[in-house]
1. Pull up the DSSP beta bridges for the chain and report the antiparallel fraction as a percent, rounded to 5.
2. Quick check on the exposure proxy: order 130, 241 from fewest to most C-beta atoms within 10 angstrom.
3. Going by a ≥ b ≥ c, the root eigenvalues of the Cα gyration tensor, does region 141-269 fall in the rounded group (a/c under 1.5), the prolate group (a/b larger than b/c) or the oblate group?
4. Computed FRET efficiency, Cβ-Cβ of residue 17 and residue 410, R0 45 Å: what is it to the nearest 0.05?
5. Name the shape class, rounded, prolate or oblate, that the alpha-carbon gyration tensor gives for region 224-269, where a ≥ b ≥ c are the square roots of its eigenvalues, rounded holds for a/c under 1.5, and otherwise prolate holds if a/b is larger than b/c and oblate otherwise.
6. Need the full-extension length gain, residue 352 to residue 391, defined as separation in residues times 0.36 nm minus the C-alpha distance. One decimal, nm.
7. Going by the alpha-carbon gyration tensor, a ≥ b ≥ c the square roots of its eigenvalues, is region 326-395 rounded (a/c under 1.5) or, if a/c is not under 1.5, prolate (a/b greater than b/c) versus oblate?
8. Report the label-to-label distance for residue 336 and residue 118 in nanometres (one decimal), using points 7 Å from each Cα along the Cα→Cβ vector.
């Protein structure tokens with residue numbers, strides 16, 4: 001069954017709120033067991049949209065679906081926000097415990113995120129560190145708010161829990177194909193506790209200064225394919241996550257069997273990123289035939305004490321990078337979201353007792369990586385003294401730091417507690433690494449391509 005939004009009173013003038021038309025159309029499709037809701041050749045504005053099993057949303061060429069910027073319209077729903085299951089603002093497009101869903105077409109989904117970004121910037125400028133707005137107070141009450149909840153820096157202490165543009169929560173057999181996504185208020189595409197998802201031939205574009213606007217965040221999901229897509233955003237381009245802190249460790253819900261191929265990453269803080277929410281474990285990620293242009297980091301793995309989980313069996317091959325800060329960054333001293341009172345414990349250079357909250361990283365292979373005009377360093381591989389990185393193998397990699405706009409080596413990663421260095425080779429601390437056919441070009445005379453700051457096995 002195929003229906004057009006205009007059959008339900010939809011008006012494609014770009015300014016009429018079509019929320020009722022979307023609700024009515026989806027209700028009819030749901031009642032009849034599923035079908036396709038189509039939009040063609042116009043600009044449609046709506047409030048949040050909820051999808052259900054066996055429903056497709058088709059957005060045609062020269063068609064835009066955008067969302068009202070009124071924050072009070074996005075009522076609280078149970079979600080996962082920066083690794084913690086809690087109440088957050090209703091995703092702009094949302095499905096829960098559903099299957100056989102499609103988002104497809106050649107059109108554009110626009111999150112209209114400018115107001116959300118400016119609100120976040122203003123709150124940070126004003127030093128807001130607790131809930132103030134009515135919707136923040138409502139979320140704080142629902143979440144029994146505690147400042148102890150872990151965060152990556154997106155605003156949890158304020159309970160300004162901005163919505164992702166698209167979220168599938170506990171869903172299966174989802175296809176996203178052909179569309180352009182832009183101007184997300186927060187993360188752009190966020191599958192959570194979901195399986196069998198295919199994301200093909202899409203583009204995601206958020207301004208480079210739009211806060212926390214990740215491209216795709218795969219969060220405790222299994223059997224995921226991302227291919228043929230271009231992501232240019234204001235934070236990590238594509239991240240694989242698995243919950244955070246004590247709650248994530250207890251849940252133990254991993255991300256596994258993820259394939260990323262033939263994608264292009266631009267401008268983000270990281271191209272392909274593992275973490276920093278690693279509590280449930282991340283396994284069997286294969287990344288191949290991808291390009292990275294001016295992302296801060298290319299391949300990036302980030303975690304720290306307290307995040308927990310094991311990261312293992314990752315394979316990266318046939319990657320081409322240009323003007324990245326650092327092509328390979330594996331960082332177990334990741335600082336974002338840590339509270340100052342935690343620094344002495346989280347970022348100590350001394351051994352700490354191993355516990356369920358200690359992260360582990362091992363069995364990582366990176367092959368046939370070509371990185372030109374790197375701007376900060378050739379690599380950053382930093383483990384914990386009580387949990388060294390193990391079995392990292394890089395072979396057939398060529399990293400060139402010449403002909404680049406050089407920045408400080410400290411820009412290679414977002415870390416805390418480590419000594420500063422001026423060296424631009426591959427920095428290694430508490431890691432067991434094997435290199436085969438490695439070339440590092442453009443270093444100052446006499447500087448080694450690899451330098452170790454701690455004993456290795």
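1. On the way: 8 of 146 bridges.
About 5 percent, rounded to the nearest 5.
2. Values: 130 12, 241 30.
In increasing order of surrounding Cβ atoms, one gets 130, 241.
3. Values: a/c = 2.02, a/b = 1.28, b/c = 1.59.
Oblate, since a/c reaches 1.5 and b/c is not below a/b.
4. On the way: r = 48 Å, r/R0 = 1.06.
Efficiency computed from Cβ-Cβ geometry: 0.40.
5. Working: a/c = 5.56, a/b = 1.72, b/c = 3.23.
It comes out oblate by the Cα gyration axes.
6. Numbers: separation 39, 0.36 × 39 = 14.04 nm, distance 2.16 nm.
Additional length available on full extension: 11.9 nm.
7. Details: a/c = 3.09, a/b = 1.60, b/c = 1.93.
Verdict is oblate for region 326-395.
8. Between residue 336 and residue 118, the simple spin-label model gives 2.4 nm.
Every number in this text was worked out from the coordinates using simple rules, so none of it is lab data. Source: prediction; values computed, not measured. When we count neighbours, we look across all protein chains shown, and the Cβ atoms used for this are built from the backbone with ideal geometry, even at glycine.
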